[in-house]
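Asker: Take a look at the following structure, please.
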Amino acid sequence: MTQQGAALQGYNNELVKCIEDLCMQKEQLNKQIQQAEEEKSKLQHEIQTLNEQLECVCENLAQKVASRNELDKILAETEAAYMKILDSSRTLLSVLKKEVGSLKHSPELKTN
């Protein structure tokens, strides 16, 4: 019977050691899980911050593009109006030169 008791005691010791090893593995795994959860939380916060920054940049970009488009429109209208002024000035100058030329040939303006 003592031999059976010794064998039982040996099995019990091994069983206790296996349970202790499993408990240590569980504790290590719990630490790894906690670290992973902390890293996940940190990354989620960074993603949220970056998404907010991205949203601000997109809004700012949209405003700048709208302003540029408005400036392009104003510039095109201004250039078109300026070209009309140049064309009108050229026409006026041409008409004025013809009138002056006509006056030079007019007998009333000739001096004797």
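Asker: How about K40: which lysines have a C-alpha closer than 29 Å to its C-alpha, ignoring those fewer than 8 places off in the same chain?
Answerer: Leaving aside lysines fewer than 8 places away in the same chain, those within reach of K40 are K26, K31.
Asker: Label points 7 Å out from Cα along the Cβ direction at L50 and N30: separation in nm?
Answerer: Each label point lies 7 Å from its Cα, and together they span 3.3 nm.
Asker: Let me ask another. Taking the simple approach of a point 7 Å from Cα along Cα-to-Cβ for both V16 and Q63, what is their distance in nm?
Answerer: 7.3
Asker: Moving on to the next point. Treating only the Cα positions of the chain as identical point scatterers, give the base-10 log of I(q)/I(0) from the Debye formula at each q in 0.17 Å⁻¹.
Answerer: -1.00
Asker: Sticking with this one: Determine ³J(HN,Hα), in whole Hz, for all residues of the stretch 54-69 in sequence, where each value follows from phi through the Karplus function 6.51 cos²θ - 1.76 cosθ + 1.60 and θ = phi - 60°; x replaces Gly and Pro.
Answerer: Taking θ as phi minus 60°, the curve returns 4, 4, 5, 5, 5, 5, 4, 4, 4, 5, 5, 5, 4, 5, 4, 4 Hz for the stretch 54-69.
Asker: Taking the Kirkwood radius as the inverse of the mean 1/r across Cα pairs, report the Rg/Rh of the stretch 48-110. Spell out each step's value before the answer.
Answerer: Numbers: Rg = 26.9 Å, Rh = 16.4 Å.
Checking Rg against Rh, the ratio lands at 1.64.
Asker: Assign unit charges at the C-beta atoms only (+1 for Lys and Arg, -1 for Asp and Glu), then state the dipole size of the chain relative to its Cα centre in Debye, rounded to the nearest 20.
Answerer: Working: 14 positive and 18 negative charges, 253 e Å.
Using Cβ point charges on Lys, Arg, Asp and Glu, the chain gives about 1220 debye.
Asker: A further question follows. Principal axes first, then extents: for the Cα atoms of the stretch 8-70, list largest minus smallest coordinate on each axis, whole Å, largest first.
Answerer: Its Cα atoms span 91, 11, 6 Å along the three principal axes.
Asker: Got a number for carbon plus sulfur as a percent of the chain's accessible area, 1.4 Å probe?
Answerer: Values: 6480 of 10820 Å².
After summing per-atom areas, the C and S share lands at 60 percent.
Asker: Through the Karplus equation 6.51 cos²θ - 1.76 cosθ + 1.60, θ set to phi - 60°, convert the phi angles of the stretch 85-93 into ³J(HN,Hα) values in whole Hz; use x for Gly and Pro.
Answerer: Here the 3J(HN,Hα) series is 4, 4, 5, 5, 5, 5, 5, 4, 5 Hz.
Asker: Could you do me a favour and compute the accessible area per residue for the chain, 1.4 Å probe, result in Å²? Don't skip to the end; give the middle numbers.
Answerer: Details: 10820 Å² over 112 residues.
Per-residue accessible area for the chain comes out at 97 Å².
Asker: Sticking with the crude label model, points 7 Å out along Cα→Cβ, report the distance from S89 to T2 in nm, one decimal please.
Answerer: 12.7
The values are calculated or read from the model by the stated rules, or taken from the named source; none is laboratory data. Everything numeric in this text was worked out from a predicted model, so none of it was measured. In this analysis, Cβ positions are derived from the backbone assuming ideal geometry, glycine residues included, and neighbour counts consider all displayed protein chains. Note: areas computed on protein heavy atoms with side chains; ligands, DNA, RNA excluded. Shrake-Rupley method; radii C 1.70, N 1.55, O 1.52, S 1.80 Å.
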